[in-house]
Amino acid sequence: MDSYRILEKHIPEAAVAYCTDLWKKYPFAFRVTRPRRTKLGDFRAEPGKGFTITVNDNLNPSAFLITYLHEVAHLIVFRQYRRRGAPHGSLWQRTFREVMQPILHEGVFPASVLEPLRDYLTNPAASTGAHSALTHALRQLDARPTGQKLLIEVPEGETFRFLQKDYVRGMKRRTRVVCTEKSSGLKVSIWAHVWVENT
Ligand SMILES: [Zn+2]
């Protein structure tokens, strides 16, 4: 499937041509993947294999677009500077702001997202989850799946089900929650704003 048609399914229409152009300008393998526990997307540069960007398939169009450009900004920084450094340091922050600039308007994002998004971009953290107003605005766009709640809404010590496994919710640490998998007793860190099932 060509890039335009993949993006068309996931991001706001007014941003599809722009995002397709970025893909052509900075070629990379693009995969839309099943939701992962701790990340919305990622960027990889593998010797001899080129660049790969992945984005979770369950994001609403605004969240998908922000994640896509977050990863494209990593790619641009890597191509230009070839160094790892701080992955979300000032070079990445500046690049991310630049690639977001052309689409920061109401033709692309709902007004409810645009305002906290502009604020977030003044000093973008690694995860939009660190900006509570933006996270809240993005989550409002999601249709709440029946029988599910956000992990952050599960009281500490209560159980929930996520990706076919049962967990006990533990303490929040920054953007994630440390949970205990019931069958193995293993502690795992899960992003605080994923949908989980009641048990
Ligand atoms: Zn990143």
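The values are calculated or read from the model by the stated rules, or taken from the named source; none is laboratory data. Just so we're clear, the structure is a prediction, and the values are computed from it rather than from any experiment. Positions of Cβ are generated from backbone atoms using ideal geometry, with glycine treated the same way; all protein chains shown enter the neighbour counts. For the accessible areas, the whole protein counts, side chains as well, though only heavy atoms, and no ligand, DNA or RNA atoms are used. Shrake-Rupley method; radii C 1.70, N 1.55, O 1.52, S 1.80 Å.
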On the accessible surface of the chain, probed at 1.4 Å with all protein chains in place, carbon and sulfur together account for a percent value of 49 percent
Using per-residue counts of other Cβ atoms within 10 Å, averaged over each peptide, order 99-106, 175-182 from highest down.
-> 175-182, 99-106
Using a basic spin-label model with each label point 7 Å from the Cα along Cα→Cβ, how many nm lie between HIS105 and ARG144?
-> 3.5 nm
Applied in sequence order to the range 11-28, the curve 6.51 cos²θ - 1.76 cosθ + 1.60 (Karplus, θ = phi - 60°) yields integer Hz couplings, x standing for Gly and Pro, of 10, x, 3, 5, 10, 5, 5, 4, 5, 5, 4, 4, 4, 6, 6, 10, x, 8
Between the alpha carbon centres of the range 29-46 and the range 125-157 the gap in Å comes to 19 Å
Would you grab the residues whose amide H sits under 5 Å from the one on VAL194? Only those 5+ places off in sequence or on another chain, please, with H modelled 1.01 Å from N.
-> LEU151, ILE152
Nearest 20 debye, what's the magnitude of the dipole of the chain about its Cα centre given +1 on Lys and Arg Cβ and -1 on Asp and Glu Cβ?
-> 840 debye
Please state the charge dipole magnitude for the range 13-65, taken about the Cα centre, from unit charges on C-beta atoms (+1 on K and R, -1 on D and E), reported in debye and rounded to the nearest 20.
-> 260 debye
Roughly how many Å is it from the Cα centre of the range 1-22 to that of the range 81-124, as a whole number?
-> 18 Å
Phi to ³J(HN,Hα) by Karplus 6.51 cos²θ - 1.76 cosθ + 1.60 over the range 42-52, Hz, x for Gly, Pro = 7, 10, 10, 10, 10, x, x, 10, x, 9, 10
Per-residue accessible area, 1.4 Å probe, largest first, puts SER112, SER62, SER189 in the order SER112, SER189, SER62
Share antiparallel - DSSP beta bridges, the range 3-139, percent rounded to 5 | 55 percent
Find the accessible area per residue for the range 3-139; the probe is 1.4 Å, ligands and nucleic acids are left out, and the unit is Å².
-> 50 Å²
Accessible area per residue in Å² at 1.4 Å probe, computed on the range 148-198 | 57 Å²
From the phi of every residue in the range 93-106, what ³J(HN,Hα) in whole Hz does the Karplus formula 6.51 cos²θ - 1.76 cosθ + 1.60 yield, where θ is phi - 60° and glycine or proline is x?
-> 4, 5, 5, 4, 4, 5, 6, 7, 3, x, 10, 7, 8, 6
